Structure formats: C-alpha cells, structure tokens
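Quick notes on the structure that follows.
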Amino acid sequence: MADMGVGGMGTSEGSTALRVSDLVCRPVGRVIGGRTEVVDDHWDRETAVIRLDAEQFGPEALFGLADFSHLEVVFHFDRVAPEKIESGARRPRGNPDWPLVGIFAQRGKNRPNRLGVSRCRVLSVEGLDVRVAGLDAVDGTPVLDIKPYLAEFGPRGETAQPEWSVELMREYYE
C-alpha cells in the first residue's frame, strides 16, 4: 500500500483513486436523558447529559470545558436502519413544496455514514457528565466526539442558504 499521508488516505501506485480502510470509531460517551423519540423540531427545549465512558476517561478529560458556553458534538444516528440510508437526492422531510436536493445539500439523519454534528449550550460539567441544552440527539445516542465551540472556527465572511432551508429550520430550535 502507498504512503498513507494526510487523514490516513493513500493512493495506489499508478492510480489516482484513494483507498481507505474501514474506519473504527469507539464512542467517547452517550447521551443520557432528553428526548427519547426522533422528532424534528423544538430541540432548544431539550436538556440532556453527555456522559463520558468511564472505561476510557476520567473527569480530567473535561477540565476547562465549563469555561465555554457551547459545544460541538459529533454523534452517530444509530437508530437509522442501513436500508434507510440515502445516497442520492430527496425532498427534505418529504415536503413536496421543497426542491429535490442531494443528501450532501441537507442535514438529514439518513446520511451515508449516519454522522450528526450539533452545537449546544453547556449548562454544567460535573465528573464525567456534561449537561447541555439544545442537543438534537436522543437518549442513548453514541457520542463520537465533543469539542468546545470557538467563534474562530465559525464561518468567515457572509453565508448564504436557500429559502427552503430557512423555512425548514424555523422551528427546529424554537
């Protein structure tokens, strides 16, 4: 196999195609509490705990996290059955008034790798528990990573998005 380079991806000799071995990712914790059913809107009303896996981490893994107002959380949509994964285009939430858009032009849960990314407010940190508000993941969801939100990692310059996505998100966090 060729040199693995950045991100663990390498090229085969004489080929421009990238080869990637299966990725194995052990959750760092789980969502405890909050919503038990997947419902699309009103996530800001929810509070939950992200509990780190005590076999992997001690409380020192969270030292300093309480100094941040928000987190970015990477999680696995573990309740999406493999046969429900989308790889092409669909109308978001099945709404016929919205355009047919590719899976990578929306944030639906039926993604190829079933990965979710969310930003939420930090309410408290105690031991291995991070209490949060507005996390759009349900009770029991495997958490793959948590990071403090830094404004410097937000978008630079103006942002743009289509009107259908503004309409879709109108009540998502309300």
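Of the residues making up region 150-162, those that are surrounded by 10 or more Cβ atoms within 10 Å (Cβ to Cβ) and not in a loop (DSSP other than H, G, I, E, B) number 1. Looking at the structure I just gave you, is residue 123 crowded, with 16+ Cβ neighbours inside 10 Å and not in a loop (DSSP other than H, G, I, E, B)? It is false that residue 123 is crowded, with 16+ Cβ neighbours inside 10 Å and not in a loop (DSSP other than H, G, I, E, B). Every test in (1) of a type in the set (A, V, I, L, M); (2) without any contact (Cβ under 8 Å) to a residue 40 or more places away in the chain; (3) within 30 Å of residue 26 (Cα to Cα) is passed by residue 169 save one, and that test is (3). The residues of region 126-149 that are in a strand (DSSP E or B), in contact with a helix residue (DSSP H, G or I) (Cβ under 9 Å, 6 or more places away or on another chain) and not acidic (Asp, Glu), listed by number, are 130, 133, 146, 147, 148.
Do we find that residue 34 is in contact with a strand residue (DSSP E or B) (Cβ under 9 Å, 6 or more places away or on another chain), on the phi > 0 side of the Ramachandran plot and either modelled with pLDDT under 85 or open to solvent by less than 70 Å² (accessible area, probe 1.4 Å) (or both) in this structure? Lay out the reasoning, then the answer.
Values: in contact with a strand residue (DSSP E or B) (Cβ under 9 Å, 6 or more places away or on another chain): yes; on the phi > 0 side of the Ramachandran plot: yes; either modelled with pLDDT under 85 or open to solvent by less than 70 Å² (accessible area, probe 1.4 Å) (or both): yes.
Yes: the conditions hold for residue 34.
Restricting attention to region 77-125, the residues that are among the basic types (Lys, Arg) and closer than 18 Å to residue 43 by Cα add up to 6. Within region 79-114, the residues that satisfy the criterion of being of a type in the set (D, E, K, R), surrounded by 13 or more Cβ atoms within 10 Å (Cβ to Cβ) and assigned to a loop (DSSP other than H, G, I, E, B) are 79, 86, 91, 107, 109, 111, 114. If you filter region 38-54 down to residues that are among the β-branched types (Val, Ile, Thr) and open to solvent by 70 Å² or more (accessible area, probe 1.4 Å), you find that the one that is farthest from residue 165 (Cα to Cα) is 38. From the list 69, 165, the one residue that fits, being open to solvent by 70 Å² or more (accessible area, probe 1.4 Å) and hydroxyl-bearing (Ser, Thr, Tyr), is 69.
Please state which one of 63, 57 is surrounded by 10 or more Cβ atoms within 10 Å (Cβ to Cβ), more than 22 Å from the chain's Cα centre (by Cα), at pLDDT 85 or above and of a type in the set (Phe, Trp, Tyr).
Working: 57 fails: more than 22 Å from the chain's Cα centre (by Cα).
Answer to the selection: 63.
Within region 44-51, does at least one residue satisfy the condition of being modelled with pLDDT of 95 or more, closer than 30 Å to residue 170 by Cα, over 14 Å from the mean Cα position of the chain (by Cα) and among the basic types (Lys, Arg)? Checked against the condition, which is being modelled with pLDDT of 95 or more, closer than 30 Å to residue 170 by Cα, over 14 Å from the mean Cα position of the chain (by Cα) and among the basic types (Lys, Arg), region 44-51 yields at least one hit. Among the numbered conditions (1) free of Cβ contacts under 8 Å to residues at least 24 places away in the same chain; (2) on the phi > 0 side of the Ramachandran plot, the only one that residue 140 does not meet is (1).
The values are calculated or read from the model by the stated rules, or taken from the named source; none is laboratory data. Everything numeric in this text was worked out from a predicted model, so none of it was measured. Cβ: placed from backbone, ideal geometry, glycine included. Neighbour counts: every protein chain shown. All accessible areas refer to the heavy atoms of the entire protein, side chains included, with ligands and DNA or RNA removed. Shrake-Rupley method; radii C 1.70, N 1.55, O 1.52, S 1.80 Å.
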